1. Determine whether region 144-167 contains at least one residue that is at pLDDT below 85, of a type outside the set (A, V, I, L, M), open to solvent by 80 Å² or more (accessible area, probe 1.4 Å) and not in a helix (DSSP H, G or I).
2. Might you let me know whether region 85-107 holds any residue that is at pLDDT below 50, assigned to a helix (DSSP H, G or I) and closer than 27 Å to THR169 by Cα?
3. Determine which member of the set GLY239, GLY245 is open to solvent by less than 10 Å² (accessible area, probe 1.4 Å), in a loop (DSSP other than H, G, I, E, B), in contact (Cβ under 8 Å) with a residue 60 or more places away in the chain and more than 18 Å from GLN511 (Cβ to Cβ).
4. I'm told LEU225 meets every condition in (1) modelled with pLDDT of 80 or more; (2) within 27 Å of GLU273 (Cβ to Cβ) except one. Can you identify the failing condition by its number?
5. Among the residues that make up region 418-430, is at least one of them among the hydroxyl-bearing types (Ser, Thr, Tyr) and open to solvent by 10 Å² or more (accessible area, probe 1.4 Å)?
6. Can you name the number of the only condition in (1) in a loop (DSSP other than H, G, I, E, B); (2) in contact with a Leu (Cβ under 6 Å, 6 or more places away or on another chain); (3) not aliphatic (A, V, I, L, M) that THR524 fails?
7. Test of understanding: among GLY475, GLY425, GLY487, GLY403, which residue is farther than 21 Å from VAL343 by Cβ and either touching a strand residue (DSSP E or B) at 6+ places or on another chain (Cβ under 9 Å) or assigned by the TED database to the domain that holds ILE324 (or both)?
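The values are calculated or read from the model by the stated rules, or taken from the named source; none is laboratory data. Computed from a prediction, not measured in an experiment: that's the story for all the values here. Cβ coordinates were reconstructed from backbone atoms using ideal geometry, including for glycine residues, and neighbour counts include every protein chain displayed. Accessible surface areas use protein heavy atoms only, side chains included; no ligands, DNA or RNA. Shrake-Rupley method; radii C 1.70, N 1.55, O 1.52, S 1.80 Å.
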Amino acid sequence: DGVVASEKAKSNNLDVKIPKSELETEEKGTEEEPTRESDSNILDGSSDYPRDKHISIQRHLSDLEKLADLREDKKKPCPLCPEEKFKACYGHKLRRHLQNLHWKVSVEFKGYRMCICHLPCRPVKPNLVGDQALSKMGAHYHCIICSATIARRTDMIGHINRHVNKGETESRFITVRAPTSEVVKESATDVQVLPNHSTPQKTDSYFNPRMKLNRQLIFCALAVLAEERKPIECLDAFGATGIMGLQWAKHLRSSVKVTINDCNEKSVTIIKENCHLNKMKVKLNIKEGENDGTVGDGEENTDTIEVTKMDANVIMHLRSFDFIHLDPFGTSVNYLDSAFRNVRNLGIVSLTSTDVSSLYAKAQHVALRHYGCNIVRTEYYRELAARIVIAAVTRAAARCNKGIEVLLAVALEHFVLVVVRVLRGPSTADNSAKKIRYLIHCQWCEERIFQKEGNMVEENPYQQLPCDCHGSMPGRTAVLLGPLWSGSLFNTGFLRRMLLAAVQYGLDEAQPLLKTLVCEAECTTLKHFSTHGPGDENKQEECGVYIKTSNTSAESYVVPGKRKGEEVMRSAAKRQKAEHSAEHPAFYYNVHRHSIRGMNMPKLNKFLNYLSEAGYRVSRTHFDPMGVRTNAPLVQFKTVLMKYSTPTYAVGQAEGPVHLPGDDHRGEEAPAAADANEEDAECPEDDKSGGTAAVSTESHAVHCVAN
């Protein structure tokens, strides 16, 4: 350690005086303990790391004391402090100094302690001179992995944790085994990942098992597109481990030509290894126009996957694709312009956004910065997030003279998935852009409505709300949210074919969600769900791509690849557009949010039946397990909910309607006593003023407050 100290002092050009007697004593101590030197695993004489560890990095406190050569009869300086800061002192005082100032605030890693150092190791600003420079040097730590100097202990701990998350545990001083990779299997596809694969942005093989449902939905969308035309060129712009592209190539085979891209060189290496692991041939393309050849013998096989190392924006600008999937870490708005620039007509663009903190209104300023939308936290925040993303997609497509049709929009706990079909032409771009509107949201009752079209400025736009909160409450009761996508979020025909693809390829996790999405798109309950299309064949139309008419009955046909055929089919779709049924209602209500205190709500499925019997369209929604999508106004929604709720104190009371004063069905109500019937018969006017005996005084008061 004495040699280490002297060499470190020379390398740092420090004016630290180390007596010869100290060096001799420390050399003797080193010779007496050869085993400790072997246990420390210090790399000696490496070409990459020629220097040894800093003197502030020690295993034990005794090693630090031995470095200081504590003696009771002589004054010794601190090896980690300059003489100007800590003068030489006797052994007992120096021991306390080392223990309290340096050792107690050390950072531990792999059995080593990185003690705090006061030596002038850090560079000083040139304008600081004299005592000011000494005061600005300050204490710092030396990183055991990269030799960086960090001022604060908390920053040092975070610095070490970042090294560990990246897998950089091999240091200049400690020999650590390289992290062993593990093989993960999903949908009959094997991928090789690192142990820290679940840490985003800090690993070269990010793999999230919780996104399995997301990958299955994207696979089903690609399988539906592969039925329309083949072969199709598809791009996974952010490959990471390559799991998604491998699943496409392994199951769809000759129907697709898969390209997996990643800008990280280590990720490209992992993707190639995973391709070989799944017995796929690799066509490596580092730069556009430079092919490194196909790994394997013979001609290019249908099981060949092209792996590219480029920025996602670059490859989408240079090449055209039929199917593009964007799954960056965070928002995907930075890649939308290049995605829509070269995507082929009637192709599909899918994007997964994981910046849920901004989309779910937890970081509203970030949503304003990324998407240009003003949002607040509402009961329908997940659908609001999906419409924010679609609005950004629509604007990006319109800049490239392209319109979109939304095929699928899913917002779950940790991601928002949007799948759209691209329609070329300025007219379709204009039609899509017209569906971007502002939303008026009442902050008192959570009622909401999209602002009317038109350029005229209204004096009071809040009067468009169905509720009367703006008149009965003081101040501004509503806020303007958006701009948002106001059109449909689902395409029923596409979802049904996705469900068939999920059944065909055995994707069990995606099937229940797709059934819910089909019911949500048609705004029907699950008991009316059928795997066959509805009676109206026109509901299967998708912008001229997949059309069923009454003349062709169950026969379907696919658009030919020529542009003339595409125009004919699109014109046929426009003619049938007026015959389509109404779109699903926008947004949903949460039953718990609008429940009445002191009353037991009916079961959710029964409540759906009650709303349906009242003449409203109704369905459940995947956005919220207790959400109800309906075209009923909020006032009618609360009325039906109140009507079929029961008081909480009525133990054992059968679930049924509670007849309120003024209800049209009060004649069907059984009176509680015979004299009540007599009073009703004698004074029918009293019945109108609240003579109902089945409703308690408490529930009557609650009803009055609710009204």
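1. Yes: one or more hits.
2. Taking region 85-107 first, the residues at pLDDT below 50 are none.
There is no residue in region 85-107 that is at pLDDT below 50, assigned to a helix (DSSP H, G or I) and closer than 27 Å to THR169 by Cα.
3. On the way: GLY245 fails: in a loop (DSSP other than H, G, I, E, B).
Within the list GLY239, GLY245, the selection yields GLY239.
4. Evaluating LEU225 over (1) modelled with pLDDT of 80 or more; (2) within 27 Å of GLU273 (Cβ to Cβ) leaves (2) as the failure.
5. Step one: filter region 418-430 for residues among the hydroxyl-bearing types (Ser, Thr, Tyr), giving 427-428.
Next, only the ones that are open to solvent by 10 Å² or more (accessible area, probe 1.4 Å) stay: 427-428.
The answer is yes, given that some residue of region 418-430 is among the hydroxyl-bearing types (Ser, Thr, Tyr) and open to solvent by 10 Å² or more (accessible area, probe 1.4 Å).
6. Single failed check for THR524: (2).
7. Numbers: GLY425 fails: farther than 21 Å from VAL343 by Cβ; GLY487 fails: farther than 21 Å from VAL343 by Cβ; GLY403 fails: farther than 21 Å from VAL343 by Cβ.
None of the other options fit; the residue is GLY475.
Residue-wise test of (1) closer than 19 Å to LEU412 by Cα; (2) out of contact with any Cys (no Cβ under 9 Å at 6 or more places or on another chain); (3) acidic (Asp, Glu).
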| site | (1), (2), (3) |
| --- | --- |
| ILE315 | no, yes, no |
| PRO328 | yes, yes, no |
| ASN345 | no, yes, no |
| LEU351 | yes, yes, no |
| THR354 | yes, yes, no |
| VAL366 | no, yes, no |
| HIS370 | no, yes, no |
| ILE388 | yes, no, no |
| ALA391 | yes, no, no |
